[in-house]
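Worksheet: one structure, shown below.
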Amino acid sequence: MENRDQPGVDNTLVIHYLTLRQLIGILGILLPVFLIVGSFLTECKHIEASISDFYYTRLRDVFVVTLSAVSLFLFTYKGYDPLDKIMTNLAGVFGLVVAFFPTTFYPGICVPCFSIYPSRVPAVLLPCYHGMAVGAIHLTAASLFFITLAFISFFLFTKVSETGTPTPQKIVRNRIYRICACIMIGCILLLVPYFTIATVKSHLDRYNLVFWMETIALWAFGTSWLIKGEFILKDKPMVA
């Protein structure tokens, strides 16, 4: 197997892959930042209960475009073997489903932010925007999106040549990849009681638990891809 972090390789294909990895990581990290800053720059000045709830606000385009860009970059990323391509394509599909199948609308979403959109939505489509079925598709896709990204980080990013010895930097990177994967899975697991136990949900709603768990998971995802793109912790040049 080819070493996935081979130092000293200089060709346009590798440069393209490194840039693509960095772009994916940067967009993943910046998405919640865009939404928070954008929210306070508008009249809303309010953080929604989840990142997905921003779909119903004036920041809908920021949410959809950024997540779509991440998904398309994942489609473009080919990787080193068929499994890489399959997993990144799956992540891309799940990301697009999250972007275009909105979460279930509920009255707690900030009304001033939401008020710009009802006039743009045909009345016949409003049940889709409020529907539980669409919301269930969204929630399932969001979970699978992070699970797939965690798999990529834990199992694919950590691979090395079958005959090679990992460098000290590679060993450190692998630890971080696995930590990032565990954080993503941990954030999903922490939300299970929130979505399944009414009393837990009622007590935690005021803290925007879903938004912050999603943010932490996105930052873990972005960190993993930035490191894979050699933004930091790259191998030191080999000395002859």
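The values are calculated or read from the model by the stated rules, or taken from the named source; none is laboratory data. Owing to the predicted nature of the structure, the values given are computational and were not obtained by experimental measurement. Cβ sites come from the backbone with ideal geometry, for glycine too, and all protein chains shown count toward neighbours.
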Counting only residues that are crowded, with 19+ Cβ neighbours inside 10 Å and assigned to a helix (DSSP H, G or I), the stretch 210-240 contains a total of 17
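In this structure, does Phe101 turn out to be modelled with pLDDT of 90 or more and touching a His at 6+ places or on another chain (Cβ under 6 Å)? Break it down into steps so the answer makes sense when it comes.
Numbers: modelled with pLDDT of 90 or more: yes; touching a His at 6+ places or on another chain (Cβ under 6 Å): yes.
It is true that Phe101 is modelled with pLDDT of 90 or more and touching a His at 6+ places or on another chain (Cβ under 6 Å).
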The number of residues in the stretch 152-177 that are among the hydrophobic types (A, V, I, L, M, F, W, C) and in contact with a Leu (Cβ under 8 Å, 6 or more places away or on another chain) is 3
For the stretch 33-50 the number of residues that are buried (at least 17 other Cβ atoms within 10 Å of the Cβ) and outside any helix (DSSP H, G or I) is 5
Complete set of residues in the stretch 145-171 that are closer than 16 Å to Gly28 by Cβ and either in contact with a Phe, Trp or Tyr (Cβ under 6 Å, 6 or more places away or on another chain) or of a type in the set (Ser, Thr, Tyr) (or both): Phe145, Thr148, Leu149, Ser153, Phe157
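Mind telling me which of the residues Tyr177, Tyr194 ends up being within 16 Å of Ile51 (Cα to Cα) and without any contact (Cβ under 8 Å) to a residue 60 or more places away in the chain? Steps first, answer last, please.
On the way: Tyr177 fails: within 16 Å of Ile51 (Cα to Cα).
Only one candidate passes the filter, namely Tyr194.
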Restricting to the stretch 5-31, what's the tally of residues that are modelled with pLDDT under 75 and buried (at least 18 other Cβ atoms within 10 Å of the Cβ)? 1
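Does Ala150 meet the test of being of a type in the set (A, V, I, L, M), surrounded by fewer than 17 Cβ atoms within 10 Å (Cβ to Cβ) and either farther than 16 Å from Lys85 by Cα or in contact (Cβ under 8 Å) with a residue 12 or more places away in the chain (or both)?
Values: of a type in the set (A, V, I, L, M): yes; surrounded by fewer than 17 Cβ atoms within 10 Å (Cβ to Cβ): no; either farther than 16 Å from Lys85 by Cα or in contact (Cβ under 8 Å) with a residue 12 or more places away in the chain (or both): yes.
So Ala150 does not fit the description; no.
Just the residues that are of a type in the set (Gly, Ala, Ser) and either crowded, with 22+ Cβ neighbours inside 10 Å or in contact with a Lys or Arg (Cβ under 7 Å, 6 or more places away or on another chain) (or both), please, taken from the stretch 51-90. Even if it seems obvious, please write down each step before you answer.
Initial filter on the stretch 51-90 (of a type in the set (Gly, Ala, Ser)): 52, 68-69, 71, 79.
Within the stretch 51-90, Ser52, Ser71, Gly79 meet the criteria.
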